[in-house]
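S.K.: Just passing along the structure, written as C-alpha cells.
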Amino acid sequence: MNSAHRSVLAFVILSWCLALPSVGQTQFPAPWPKPLAPEAYWQTLMTGNATYMAGALPYSGLGAEREATAGGQHPPVTVLSCADSRVPPELIFGRAIGDLFVVRVAGNVAGPFDIASIEYAIDHEWTRLIVVMGHEDCGAVKAALDPDDPGTPSLVSLVQRIRESFLLPTWTGPDRVERAVKANARSSAAYLLAHSTVIRKAVLEHHVGLIVAYYNLKSGKVEEVKQ
Ligand SMILES: [Zn+2]
C-alpha cells in the first residue's frame, strides 16, 4: 500500500468514526415505543421534553428525516396547541419531521376545520394519542379573562368560546391565568369528544389516548393536567 492509498484509507476510517454516535449518546429523536399503547407515546414525549429542557436537542439529522418522510407520513401523536410562537410542539417534545400531527390555533380551541384535521389523522390510523396543550401566559386566555372584548368579530368569537370553559370565575391571586389556561385546555379536550363522533369513538374504545397538558414557558416543562 503506497502513501496515497494509506491517506485515502485513513480518511475513510476517520469519516466512518465521526459518523458513529459517541459512547453514551442516545438516539435522537428517541424511537417511538414498540408496544403501541397511547401511554407509551406519552412517556416518549416526556423523554423528548426532558432533552428539550436540558437544551440538548441535537437536530443533526433533519436532512435524512426530510428525505425519509417525503413519501408519506404516519405520525402517531396529534397535538392541539396554541399558535403562540413560544410554543413549538416539535421542539418542546424533542421530535422531528413526520413525528407529530400538529393543529395550532390561538387558545388551543378547536373549530370545525381543526376537528376535521384530527379526524383525518384518526381515519388514516396514524394517531394513537391526542395531546391538548395549553400554556403559561396564553394571550388568548388572558383576553378571555378580560371583561373587555378584544376587537374584531372573529377575536370576540374566539374569546367567547374560551370564556365558556370558565364561566364567571372567582379565581384571584397570581395563579389566576394558569388556572384559566388549564380549565380551557380541559374544556377544549372535552369539546373534541362532544363534537366529533370519530374522536369520541376512538378515545372511548381506547384506540386513541387523550391527554391534557400545560406548558411552562420559562422552564420548558410540560406537565399533564388531570381531567
Ligand atoms: Zn396561547
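We did not get these values from a lab; they are worked out from the coordinates using the rules stated. Computed from a predicted structure; not experimentally measured. Here the Cβ is made from the backbone with ideal geometry for all residues, glycine too, and neighbour counts use every protein chain on show.
S.K.: Can you go through S196, S188, S219 and tell me which one is more than 23 Å from M46 (Cα to Cα) and polar (S, T, N, Q)?
M.R.: S196
S.K.: Of the numbered conditions (1) surrounded by fewer than 18 Cβ atoms within 10 Å (Cβ to Cβ); (2) part of a helix (DSSP H, G or I); (3) away from the ligand (no atom under 12 Å from the Cβ), V177 fails exactly one; give the number of that condition.
M.R.: Of everything listed in (1) surrounded by fewer than 18 Cβ atoms within 10 Å (Cβ to Cβ); (2) part of a helix (DSSP H, G or I); (3) away from the ligand (no atom under 12 Å from the Cβ), V177 misses just condition (3).
S.K.: Can you tell me which residue among L168, L155 is more than 16 Å from the ligand (Cβ to nearest atom) and more than 24 Å from M46 (Cα to Cα)?
M.R.: Being more than 16 Å from the ligand (Cβ to nearest atom) and more than 24 Å from M46 (Cα to Cα) holds for just one of L168, L155, which is L168.
S.K.: Moving on. Mind listing just one residue for me: the one in the range 56-104 that is touching a Ser or Thr at 6+ places or on another chain (Cβ under 7 Å) and in a loop (DSSP other than H, G, I, E, B) and, of those, surrounded by the fewest Cβ atoms within 10 Å (Cβ to Cβ)?
M.R.: G98
S.K.: Inside the range 105-151, can you point out the residues that are part of a strand (DSSP E or B) and either over 21 Å from P38 (Cα atoms) or among the hydrophobic types (A, V, I, L, M, F, W, C) (or both)?
M.R.: Scanning the range 105-151 gives L129, I130, V131, V132, M133, H135.
S.K.: Restricting to the range 111-134, count the residues that are within 16 Å of the ligand (Cβ to nearest atom) and crowded, with 23+ Cβ neighbours inside 10 Å.
M.R.: Looking only at that region, the number is 4.
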